[in-house]
Amino acid sequence: MKGKIWVVGIGPGSPEYLTQKAIKAIEGSDIVAGYDLCLNAVRDLTHDKTIIEMTWSNRNERLDHITREVTSGKNCSILRSGDPNFSGSSGIEDIYDRFPDAEIISGISSVQIAAAKSKLAWGEIVLLTFHVSEDLEKKKQNLLDSVRGGLIVLLLSESRFMPKDVAKFLLSSSIDDKMPITVYENLTLENERVFHGNLKELTGKTFTYLSVVVIGK
């Protein structure tokens, strides 16, 4: 009999943000697979599980292995950071293609945490994610149009478009260098860091790809 498979959003990184539904799926799994950040968030739930650590270089090999294990009757949770359909969306399409019967379990995204910390209501912001596999130019134009329109932008950065790249791009497009900007890095983790400043100040700052940027407030 074929096993069950879940694609589980584990939240921004702290175990405190795991949902009860995510915990139930992990507890019901024989195999738990995911990137290191995701696995770290669920260590206390996986002592009796087979762990499959994924990287960008081995992910296809690991997914092939999971396919064989699920076919043989094993239950598996594939972990994704944040919510599988938003902040962990890059690279998710092939998982859905491989496992069309998978149950998708929503998680809490880091953008939700950032919005709460900034006291922003969803109706007053433009939400952009750069966690995408396609070319970024259209996303950049959306960003620029929103900022020029006086809108508050909440942006999930990516390795090709880090926070200082955001600042440099906007400055090169003649946006006021005093435009207020906030960067939240490693939200909910022990090494969480927050920067409040303006575009000009941000160009000299370095952050990891695990950053959320708020522009205009």
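Within the span defined as segment 115-124, one or more residues are surrounded by 14 or more Cβ atoms within 10 Å (Cβ to Cβ), within 27 Å of G11 (Cβ to Cβ), within 18 Å of the chain's Cα centre (by Cα) and modelled with pLDDT of 95 or more.
Within segment 161-190, if we keep just the residues that are assigned to a loop (DSSP other than H, G, I, E, B) and touching a Phe, Trp or Tyr at 6+ places or on another chain (Cβ under 7 Å), the residue that is farthest from A114 (Cα to Cα) turns out to be M162. Residues in segment 3-29 that are touching an Asp or Glu at 6+ places or on another chain (Cβ under 8 Å) and assigned to a loop (DSSP other than H, G, I, E, B): 2 in all.
Restricting attention to segment 203-217, which residues are part of a strand (DSSP E or B) and either touching an Asp or Glu at 6+ places or on another chain (Cβ under 9 Å) or over 21 Å from V147 (Cα atoms) (or both)? Don't jump to the end; show me each part of the working.
So in segment 203-217, the residues part of a strand (DSSP E or B) come out as 211-215.
Answer for segment 203-217, where residues must be part of a strand (DSSP E or B) and either touching an Asp or Glu at 6+ places or on another chain (Cβ under 9 Å) or over 21 Å from V147 (Cα atoms) (or both): S211, V212.
Taken together, L151, L143, L171, L79 contain a single residue that is under 19 Å from L199 (Cα atoms), at pLDDT 95 or above, out of contact with any His (no Cβ under 6 Å at 6 or more places or on another chain) and buried (at least 20 other Cβ atoms within 10 Å of the Cβ), which is L143.
Restricting attention to segment 30-60, which residues are of a type in the set (D, E), modelled with pLDDT of 95 or more and either outside the structural domain of E93 (by TED's automatic domain parsing) or part of a helix (DSSP H, G or I) (or both)?
Looking only at segment 30-60, we keep the residues that are of a type in the set (D, E), and these are 30, 36, 44, 48, 53.
Subsequent filtering for residues that are modelled with pLDDT of 95 or more retains 30, 44, 48, 53.
Listed by number, the list holds a single entry, D44.
The values are calculated or read from the model by the stated rules, or taken from the named source; none is laboratory data. The structure displayed is predicted, hence computed values, not measured ones. Virtual Cβ from ideal backbone geometry, glycine too; neighbours counted across all protein chains shown.
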